[in-house]
1. Within segment 61-76, track down each residue that is under 17 Å from residue 38 (Cα atoms) and surrounded by fewer than 22 Cβ atoms within 10 Å (Cβ to Cβ).
2. Would segment 34-57 turn up any residue that is crowded, with 20+ Cβ neighbours inside 10 Å, farther than 25 Å from residue 102 by Cβ and touching a residue at least 24 places away in the same chain (Cβ under 8 Å)?
3. If you scan segment 67-83, which residues turn out to be assigned to a loop (DSSP other than H, G, I, E, B), in contact with a strand residue (DSSP E or B) (Cβ under 7 Å, 6 or more places away or on another chain) and farther than 11 Å from residue 56 by Cβ?
4. Does residue 38 qualify as being closer than 15 Å to residue 106 by Cβ, at pLDDT 95 or above and in a loop (DSSP other than H, G, I, E, B)?
5. For segment 13-33, give me each residue that is surrounded by fewer than 16 Cβ atoms within 10 Å (Cβ to Cβ), over 19 Å from residue 79 (Cα atoms) and at pLDDT 95 or above.
6. So residue 10 passes all but one of these: (1) surrounded by fewer than 21 Cβ atoms within 10 Å (Cβ to Cβ); (2) over 20 Å from residue 104 (Cβ atoms); (3) at pLDDT below 90. Which condition number does it fail?
């Protein structure tokens, strides 16, 4: 699946569950309310993407660029974020396992996650 197919599927409200989206450039994409459960998003560029209210359960986001991404109320339960860049991302009311953040880059003056 390429970046345009992802954008089209989200726009049409289709599930993208289990897709391999690794390495795609999805910077600035509106993926709010998207069903991305079990997707491979390893090394994907999500810089500035809107992932608010998205389901990212059991995803692989290792080495992903989530810089300045909007993760407001996103569900990242069971997601792997090792060495992901979360600099400046909005993580307010985001569901995430603290252990999944090992090695993640988390800096900036933005709201932090709540368990």
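1. Within segment 61-76, 62, 63, 75 qualify.
2. Among the residues of segment 34-57, at least one is crowded, with 20+ Cβ neighbours inside 10 Å, farther than 25 Å from residue 102 by Cβ and touching a residue at least 24 places away in the same chain (Cβ under 8 Å), which makes the answer yes.
3. Result: 67, 72.
4. no
5. Hits for segment 13-33 are 25, 28, 30.
6. Against the list (1) surrounded by fewer than 21 Cβ atoms within 10 Å (Cβ to Cβ); (2) over 20 Å from residue 104 (Cβ atoms); (3) at pLDDT below 90, residue 10 comes up short only on (1).
The values are calculated or read from the model by the stated rules, or taken from the named source; none is laboratory data. These figures come from a predicted structure and were not determined experimentally. Cβ: placed from backbone, ideal geometry, glycine included. Neighbour counts: every protein chain shown.
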